[in-house]
Amino acid sequence: MKTIGHLINGTLQVDNGRTQDVYNPSTGEVSKQVALASKATVEEAIAAAEAAFPAWRNTPPLRRARIMFRFKELLEQNSQRILELIGEEHGKISHDAMGELQRGIENVEYACGAPELLKGEHSKNVGPDIDSWSEFQPLGVVAGITPFNFPAMVPLWMFPMAIVCGNCFVLKPSERNPSSAMFIAQLLQEAGLPNGVMNVVNGDKEAVDTLLEDKRVQAVSFVGSTPIAEYIYTTANANGKRCQALGGAKNHAIIMPDADMDNAVNHLLGAAFGSSGERCMALSVAVAVGDKAADTLVEKMQEAMKSLKVGAYSDKSNDFGPVITKAHQEKVVGYINSAEEQGAKIVVDGRNPKVPGYENGFFVGGTLIDNVSPDMLSYKEEIFGPVLQVMRVNSMQEAMDLIDAHEYGNGTCIFTRDGEAARYFSDNIQVGMVGINVPLPVPVAYHSFGGWKRSLFGDLSAYGPDSVRFYTRRKTITQRWPSASLREGAQFAFPS
Ligand code: NAD
């Protein structure tokens, strides 16, 4: 059976230590093994990155960007292979995996603008014959730790920008589906990246803790669940590192009484059940304003969900695939059970979906739950499955108060025809990414991605303009070339 190893200093290798099973979630079978890097292996990757840094930081940004142009072409030429790897290990249907890859490629396109992005700031004559400028220097070795749910896109949020800014990178992908990130890193080598600039170590806590504690690692980007994000952020900070740690979510959609209900239902279907709800921007709670809106919504959703098709990644007619593991399947079903036990109404029950030929796959069918209240476990916690919960409130303010009271603040959306209400909502809601009749308001690559509250630990969001700041350090230089006629005596007043 194939073992996915590590990419260190341009060479694929496997350390002879621990391994873990990698599943095909559609069949429930173990398809590969992944090597779990030891501390020594991670240190080897950090050393390779550190050794590559002096030459790479002095490589002109234009040349760094040219490698990204070639990398983008290779990603496009190899897209079918990448979609297959995502499908095999994640279970995502190819139309959805293509969306993920395309969004990742857009980050490479943004990175191609490095010479423009890194131009810095310049002021002539900040004093008599004195010029001052700020330049943005790379940090050195930086690390990325990524989740299972976007195995290609989230790594692409991080390393193209980090590398094009002049840093060297160590990526630790999710050990549950490591192949697409590894394949993509090899394409970057093929695009002409010098050895050691991009390294991939597979592994678990041992690998992550090594990255967090090693003094040579200057910064850590993390995306994953909130408890781990908080751990990463506090540990990285305690070790003197810059850190951005993006966490979990509970994204609410407000359905106003004036909303175009058929449009809202179509959008909710995709945003709640697409990718089996395993998206940090999934809309998992619909808050209907008024019983009439709620009744119409539930009735139309119930009808529309009859045609939802869950199944193996390899059948393009399926709407969504399995969840990632057997344990996660049980966890999602556990949340549905708990909602029922706490008094919610299961309107559409996806607990026992039939997927002929794939009886051992980790499937959960689309589930609709009505009459959910804030005290329920299924509301408080992130389910990360194909489950849409409906809550009923009497006013938009009540809906907004619910959203603001939740610990997460990643994404949200309002469905309405009322521009004034939408403007009030977007202006005041305590959430980082807001949609107005747009269910998945994932910022494009030339903006930045980040939630509020316990959905993001750190000051800067992922990718886009914030990533230039995150992956560089400002240095401000003030310069004068004194001539004999300009030479001044000692001055003891603060320069002004
Ligand atoms: P996870 O937190 O379990 O794992 C993420 C990474 O952390 C993996 O690389 C994993 O190996 C590592 N890790 C796990 N446990 C660790 C530990 N104890 N110590 C050190 N490292 C550890 O997350 P996941 O299940 O892979 O991904 C799903 C989660 O990610 C969801 O909560 C989802 O909302 C979140 N997510 C957030 C965003 C965002 O942008 N905010 C995007 C995608 C996913």
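The values are calculated or read from the model by the stated rules, or taken from the named source; none is laboratory data. Just so it is clear, the structure is predicted and the values come from calculations on it, not from any experiment. Counting neighbours? That spans all protein chains shown, and the Cβs are built from the backbone with ideal geometry, glycine included.
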Legend entry - Selection within region 403-428 - among the aliphatic types (A, V, I, L, M), under 27 Å from Glu278 (Cα atoms) and out of contact with any strand residue (DSSP E or B) (no Cβ under 6 Å at 6 or more places or on another chain): Ala405
Legend entry - Residue selected from region 385-438 under the condition among the polar types (S, T, N, Q) and surrounded by 15 or more Cβ atoms within 10 Å (Cβ to Cβ), by the criterion farthest from Asn352 (Cα to Cα): Ser426
Inset, instruction - Please enumerate the residues belonging to region 74-98 that are surrounded by fewer than 16 Cβ atoms within 10 Å (Cβ to Cβ) and without any contact (Cβ under 8 Å) to a residue 40 or more places away in the chain. - result: Glu76, Gln77, Gln80
Inset, instruction - Tell me, yes or no, whether region 34-50 has at least one residue that is touching a residue at least 12 places away in the same chain (Cβ under 8 Å), of a type outside the set (Phe, Trp, Tyr), in contact with a Cys (Cβ under 6 Å, 6 or more places away or on another chain) and assigned by TED's automatic domain parsing to the domain that holds Ala181. - result: yes
Legend entry - Unique match (being over 22 Å from the mean Cα position of the chain (by Cα) and hydroxyl-bearing (Ser, Thr, Tyr)) among Ser467, Ser483, Ser461: Ser483
Legend entry - Any hit, region 212-227, residues being of a type in the set (D, E, K, R) and over 25 Å from Ile163 (Cβ atoms): no
Legend entry - Check on Asn337, in a helix (DSSP H, G or I) and either at pLDDT 95 or above or not aromatic (Phe, Trp, Tyr) (or both): yes
Legend entry - The lone exception for Glu213 - which of (1) within 14 Å of the ligand (Cβ to nearest atom); (2) within 20 Å of the chain's Cα centre (by Cα) it fails: (2)
Legend entry - region 195-212 residues that are among the charged types (D, E, K, R), paired with ones that are within 7 Å of the ligand (Cβ to nearest atom) and not in a helix (DSSP H, G or I) (beta carbon under 6 Å, 6 or more apart): Asp204/Glu175
Inset, instruction - Can you work out which of the residues in region 191-206 that are touching a strand residue (DSSP E or B) at 6+ places or on another chain (Cβ under 8 Å) and within 8 Å of the ligand (Cβ to nearest atom) is farthest from Gly17 (Cα to Cα)? - result: Asp204
Inset, instruction - Pick out the one residue from Asp370, Asp295, Asp375 that is among the charged types (D, E, K, R) and crowded, with 20+ Cβ neighbours inside 10 Å. - result: Asp370
Legend entry - Conditions (1) of a type in the set (S, T, N, Q); (2) modelled with pLDDT under 95; (3) closer than 22 Å to Asp404 by Cα; number of the one not met by Asn352: (3)
